[in-house]
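What follows draws every value from the coordinates through simple rules; no lab data is involved. These numbers come from a predicted model, not from an experiment. Because the Cβ atoms are built from the backbone with ideal geometry, glycine has one as well, and the counts that use them run over all protein chains shown.
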Amino acid sequence: MKAGVVMRLRGLIRKESLQILRDPSSIAIAFLLPAILLLLFGYGVSLDARHIKLGIAVEQPSAAASSFTTEFSNSVYFDPRVFSTADAAQTALAQEKIDGFVWLQSDFARRLAAGQDPSIGVYVNGVDANNARIIENYVQQSWAIWRSSQLAASGAKDPIPIAIEPRIWFNPAVSSRDYLVPGLIAVIMTLTGALLTALVIAREWERGTMEALMVTRVTMLEILISKVLPYFFLGLGGMVVAVIIAVFLFHVPLHGSILVLTLSASLFMLASLGMGLLISTIAKNQFVAGQIAIITTFLPAFILSGFIFDIGSMPWPIKVFTHIVAARYFVAILQSLFLAGTVWSVILPNFLALVVMAIVFLGAARLAARKRLD
Amino acid sequence: MSDPPLVLDQVTRRFSIAKRVVVALDQVSATTTPGLVTGLIGPDGAGKTTLMRVIAGLLRVDSGGVRVFGVDVAADPLAVQGMISYMPQRFGLYEDLTVQENLDLYADLQGLASGLRAARYGELLHMTGLAAFTTRLAGKLSGGMKQKLGLACTLIHPPRLLLLDEPTVGVDPVSRRELWSIVDHLVRGAGMSVLLSTAYLDEAEKCDEVLLLHEGKLIGSGPPGDFTKSMAGRSFQVRAAGMSKRVALTALTGRAGVTDAVIQGESVRLVLDRDAKPELVREAGLKDAVVIPVPPRFEDRFIDLLKIKAMAESPAKTLVMNPASRASTQTQPADVVIEVKHLIKRFGDFLAVDDISFTVRRGEIFGLLGANGAGKSTTFRMLCGLLLASSGTLRVGGFDLSHAAATARGQLGYMAQKFSLYGDLSVMQNLRFFSAAYGLTGQKRRQRIDWALSVFELTPFRDATSRDLPLGFKQRMALACALMHEPEILFLDEPTSGVDPLARREFWQRINGLADHGVTVLVTTHFMDEAEYCDRLVIMGQGRILAEGTSEQLKDHCRDESHPNPTMEDAFIALIEANDAQIAALARQA
Amino acid sequence: MYHRVLALIIKEFLAILRDAKSRMVLVGPPLVQLLVFGYAATFNLNHVPFAVYNQDRGTASLDLVAHFTNSAAFEKFAVLNSDNQIKSLIDSRQVEMVLVIDPRFSRDLLTHQPAPVQVIVDGRNSNTALLILGYANTILMNYSRTWATAHGAPPPLAEIVPRALFNQNLDSRWFIIPGIVALLTQVVTLLVVGLSVAREREAGTFDQILVTPMRPLDILLGKSIPGLLIGVIEGSVIILATVFWFKVPLYGGLLQLYLGLLLFVLAITGIGLMISSIAATQQQALLGAFLFMVPSIILSGFATPISNMPVIIQYLTLINPLRYALVVIRSSFLQHPSFMSLLPQYLPMAALALASLIAADWLFRKRAV
């Protein structure tokens, strides 16, 4: 009986591996799609504003105004355009030719010289709120630099009483790629884990091969194990490809331990596989399986994992809901491992959560899997 | 070994489909005999697959019980699965694995020790003729080869009970015959018990015992001989000299005392009620008819059983087919309606249709027969204008298809395999759509829809979702849609596959009526009994026409001492084999 | 001709509405995405947990901390009394920011020396980090101004007065939710049109239509008009939800909005038909739709500005209809655009629609005789 189990498992696993190797769509979902997604995100998605089209409305040219303008031209963040009236700048803003403008009124130089307070208006297009905020911050920065150089030149004391020293840890260049790419690995692994597995099993149902399998002495547990193992390694393979692209192409630092990375990826993979197996017990055709997998695993991994959007700022019911999204824990581990290092205080709780998720999903898949068609 | 292979005790299984409860198995009880091939026979939707799955432990029953060699399936499915092998409808093969890898997988699953494998593989591969193809992907095999591989996989470790679910569906007669010889050899030789389901009634006679299933109920069981025996002296061949076979058929159908009448080649095959006399033929107006007694078939008994049942439910009805209101006899019957000359179709390097020519005259029922991959579907699709010819002439209804495709299409009706209609739409919505698609409007459109509802007796179902209709009604509806615009030419693709014999007769009755009114009918099929209805037919093989003529003429080709009374299937197989031999000889010369 | 197309359109609607699976495509994904994007996808920050390491004993520093705790954006998580607690708190992501106040803070303030305040931010999420820094900056500036006025210090040399036009509160929902209108319209139209021919191919009904006297153009029209209508209706429903449920103001003209929506749906219909003519099965059509959808969303400016992308990729976005639709819809919601000012969006969409429909027609004839 023991020998029978080993023989059956060996046969099933060999079959599954051969199928993966021969099916171009498995290879595509496991390796090609991750690479394409990484490239798209790595190159296409950036929250770092560069070359912001900023208008500067100089109503009356003066030495102060031109030094102010020069400050913006020298910044990597801005491509400034000078307008002679605020109206012209406003029109350009409405036509989306510029993202915002700084308004130096005609009395700018006079008031500055007189030590009065020349208020400088900054108008940004608020439609893209996030981008608008970032532009505002950059304008503040450039303005602060200009101001201190003006002060240094005049030898006056800084009338602003507080000296702000910003320190950004882990990602001093505040590069959004460095934080998006590690999180993306979690999203990509849900593709292999849940989507591919659900599709593959649904295909067995569609082609009637599952029916033939079930009528042999094989137990449901053996079928599940034979599905989990090959796809587990396929998923880890996809992760290795993604990590290599991240580190060598996008130069994202990897500060943490590779062993911990592999371990947590394994756990996450098991949880995803459990999810995929669970979906496949409900959906017996590829069309439905694909839809369910995308809605229940891929989309949440994208939006509710903290990969792009900050979980802390979500309304509380959604915050509660994110706790059942396995990707959430893995994203947290990945972002720390890549940018901060092996920070056990982050990794351990998330690691435990992944263990629980893996057990729950695999267990549920085992319970739901019936060796029957009804 | 005292326990019978299979004991079914009041097995009942219901499904709910779209808020409707369908009884798939209705108190089925039976016991099978060890070491025999038991046929589970019935048309599509009779409950065959459900019963197979129940026995294999894949479905639970709502009530009743199933025991395999004394083991209750519901209590210990794993023990039962250790004793049986099961080949599901699509053979359960992994198409992206090779022949050898499929065998290895099933050997592992069935726990065959590795020492015994080489010998067993050799035996099975030899028997199935697959030895030369072990490294080929299963998906690249022909339908017949897949079927044999599927069978080999289930037999690697000889089971005590072998379940085969419609192993012969969708494969051509040559492959069917081969499968049966394997079943004979491997199964009967090894003393295995087999349960084989099929919708082909002629296969019943190859089984040792038969379970006849209809609409979930067991309506008969026993050795096939018993079925035919009860029909002894009731079957006749009627040859009416100087009278069209269709007129003769119409005269006989539905008459009191007639159980069944079908066209068979140039004559009519008649089955009489138990107490009716053959003299009835003359009373029906067929004065000069020659009536010859013939041996009964299994199908005769099935029809007999269904008729008794149908009579109890509703009185007999006669079909009135009034296809066209316009006069369709303006042209002479000898008019050529479909003309095919030197037709060639290439797909890359592959010659799918290799220089064929034939003509079809007005009012003819013309058959296009062939094995899978013989080029008949390609030819058919070119005739319908679904595919462009590589070269050659195709004239349909006087129009050249390469120039006036849309105009030519206006004159033809098309009924696809599996009765492709919009399953989500109701009957009425389908009729409305197709009438408009054929360009009918206003009064005319309403008139034709009313005609379709009444002639095809679809009025009670006008608001039913087509997907939920029984197969026979789907077929009627498909024909109604194809006839909406009163076409001159009707194309039928395997029009009666899987439909129960009563519905099949009804269908052909309608088609005969159409042909009498001058509608030209072109049928493509690999069902031999559909071929019998054709006035003339061609048999295709490897893209060419192997033979042309009436079914009698084709049967004459292979009439010899061993086959004094050949069937259409015998004729077909003889032609294909002769062609294969010729090709092999040519290959050897080269 | 007109009758046949009408019959096809009616049939198409019936087939979609009577099939549970298709109904789900129309209702399921849009609903889920509207909720998820509407509520979860926000770049606004609130209740950011922070810690304070206050080495200063003066009241001025306590006052500063109060400015932070009183702001909606921040929530005090811990008060530290040693330097080495900072690392563990940030490492473990318990706080996202630490405010370190120098021991000289109060003294420096009183002596009009620059009083140092350190703001340490977790940079693992770069976007949040920048936003937190911006918020902190604003609070600190406010504080200095108040302090300066109260203590008679010299007024600041010049003052920045930021003002956001069109979206005064810089609410990122006002940006994202109108974007969803375009996004979901695209998803639904693409699925409905993209799967329609493939579904008929699988069911065998496509041959049935092809043997009727209908011409390829009739079939193409019959397939695209339902997609067009469904896309516009779906878009309208989401517009209503945006205005009445999520309370995003609709300032601009409805006509401008609908002209853009129509052109956009037309272009997507063309692309859907292209996918449909190539795909043999629903599976392939679904994969094709997915393969088009993901890059088109990422490269549209839906979540991140196109101007941040590398120049080559910016050129690639020019053939993405969603890019133009987003501009039209967002500006119609929050601005008052004229038809003329939207011309640079309308024209490319119209061109893309024309090109994709012609390509679809060509592919269609190639596949369907």
Per-residue average of other protein chain Cβ atoms inside 10 Å, peptide A:315-325 -> 1
To the nearest 10 degrees, the tilt of helix B:173-182 (Cα long axis) against the first principal axis of the alpha carbons of chain B is 20
Compactness check, segment C:210-369: C-alpha Rg relative to the 2.2 N^0.38 Å globular estimate gives 1.12
Most fluctuating of C:L263, C:L228, C:L99 in the GNM of chain C (C-alpha, under 10 Å) is C:L99
Out of B:A590, B:A531, B:F366 - ranked by how far each Cα lies towards the positive end of the dipole of chain B, with unit charges on the beta-carbon of charged residues - the top one is B:F366
Ordering A:348-354, C:328-334, C:235-241 by per-residue average of other C-beta atoms within 10 angstrom, highest first, gives C:328-334, C:235-241, A:348-354
Most exposed first, judged by fewest Cβ atoms within 10 angstrom, C:D122, B:D335 run B:D335, C:D122
One can check that the equivalent ellipsoid of the protein assembly as shown, built from the alpha-carbon gyration tensor with semi-axes equal to the square roots of five times its eigenvalues, has lengths in Å, largest first, of 75, 37, 24
Once A:L39 and A:L151 are pulled to full extension, the length gained, defined as 0.36 nm per residue separation minus their Cα-Cα distance, is 35.8 nm
For B:I219, the residues 5 or more places away or on another chain with a placed amide H closer than 5 Å to its own amide H are B:L212, B:L213, B:H214
Of every Cα-Cα pair in chain A, the percentage lying beyond 36 Å is 42
Expressed as a whole number, the average count of other chain Cβ atoms within 10 Å around the Cβ atoms of A:343-352 is 2
Treating only Lys and Arg (+1) and Asp and Glu (-1) as charged, each at its beta carbon, one finds that segment B:235-313 has a dipole about its Cα centre, in Debye to the nearest 20, of 140
The equivalent-ellipsoid semi-axes of segment C:48-150, taken as the square roots of five times the Cα gyration tensor eigenvalues and listed largest first in whole Å, are 23, 16, 11
Long-range share for segment B:20-129, i.e. C-alpha pairs more than 20 Å apart as a percent of all pairs, stands at 55
Everything considered on the Cα gyration tensor (a ≥ b ≥ c; rounded for a/c under 1.5, else prolate if a/b is larger than b/c, else oblate), segment B:257-299 must be described as oblate
For chain C, longest principal axis from Cα atoms; helix C:282-298 axis from its Cα atoms; angle between them, nearest 10 degrees, is 30
Farthest towards the positive end of the dipole of the protein assembly as shown, among B:T154, C:S356, B:G257 and with Cβ unit charges of +1 on Lys and Arg and -1 on Asp and Glu, lies the Cα of C:S356
Taking B:W508, C:W245 and counting other beta carbon atoms within 10 angstrom, the fewest-first order is C:W245, B:W508
Per-residue average of other protein chain Cβ atoms inside 10 Å, peptide C:88-101 -> 3
Here the gain from full extension of B:D226 to B:K418, 0.36 nm per residue of separation minus their alpha-carbon distance, amounts to 65.8 nm
Compactness check, segment B:180-268: C-alpha Rg relative to the 2.2 N^0.38 Å globular estimate gives 1.46
So A:T70 and A:L348, fully extended at 0.36 nm per residue minus their Cα-Cα distance, gain in nm 95.0 nm
Quick P(r) readout (segment B:235-313; Cα-Cα; 5 Å bins; whole %) gives 3, 16, 29, 26, 16, 7, 2, 0
Over all pairs of different Cα atoms in segment B:6-227, the reciprocal of the mean inverse distance gives a Kirkwood radius in Å of 17.9
Output ordering of C:65-74, B:581-590, B:193-202 (per-residue mean of other Cβ within 10 Å, highest first) is B:193-202, C:65-74, B:581-590
Volume per residue (Å³) of the convex hull spanned by the alpha carbons of segment A:77-148 is 92
Phi angles of segment B:520-537, converted by Karplus (6.51 cos²θ - 1.76 cosθ + 1.60, θ = phi - 60°) into ³J(HN,Hα) in whole Hz with x for Gly and Pro, give 8, 10, 10, 10, 10, 6, 10, 8, 5, 6, 5, 5, 4, 6, 7, 5, 9, 8
Spelling it out for B:T259: with amide H atoms placed in the peptide plane at 1.01 Å from N, the residues 5 or more places away or on another chain with amide H under 5 Å from its amide H are B:V271, B:L272, B:D273
quick shape note, chain C: Cα extents on principal axes in Å, largest first -> 94, 44, 39
Once the dipole of segment A:2-75 is set up from charges on Cβ (+1 Lys and Arg, -1 Asp and Glu), the residue from the list A:S75, A:L38, A:M7 lying farthest towards its positive end is A:M7
If every Lys and Arg gets +1 and every Asp and Glu gets -1 at its Cβ, then about the Cα centre segment B:6-227 yields a dipole, in debye to the nearest 20, of 360
Bounding extents of chain B in its principal axis frame from Cα atoms, largest first in Å, are 75, 65, 53
Protection proxy (average C-beta count within 10 Å per residue), highest first, orders A:30-36, B:224-230 as A:30-36, B:224-230
Hydrodynamic radius by Kirkwood for segment A:230-330, inverse mean 1/r across distinct Cα pairs, in Å, is 15.2
Of all DSSP beta bridges with both partners in the protein assembly as shown, the antiparallel percent, nearest 5, is 45
Under Stokes-Einstein, segment B:32-90 at 4 °C and 1.567 mPa s, with its Kirkwood radius over C-alpha pairs, diffuses with a coefficient in µm²/s of 104
Whole-Hz Karplus couplings 3J(HN,Hα) for segment C:127-143, θ = phi - 60° and coefficients 6.51, -1.76, 1.60, Gly and Pro as x, run 5, 4, 4, 5, 5, 4, 4, x, 4, 4, 4, 4, 5, 5, 5, 4, 4
The lysines whose Cα lies under 29 Å from the Cα of B:K245, excluding any fewer than 8 residues away in the same chain, are B:K229, B:K277, B:K287, B:K307, B:K309, B:K317, B:K376, B:K418, B:K474, B:K555
Rounded to the angstrom and largest first, Cα extents along the principal axes for segment B:421-486 equal 30, 21, 17
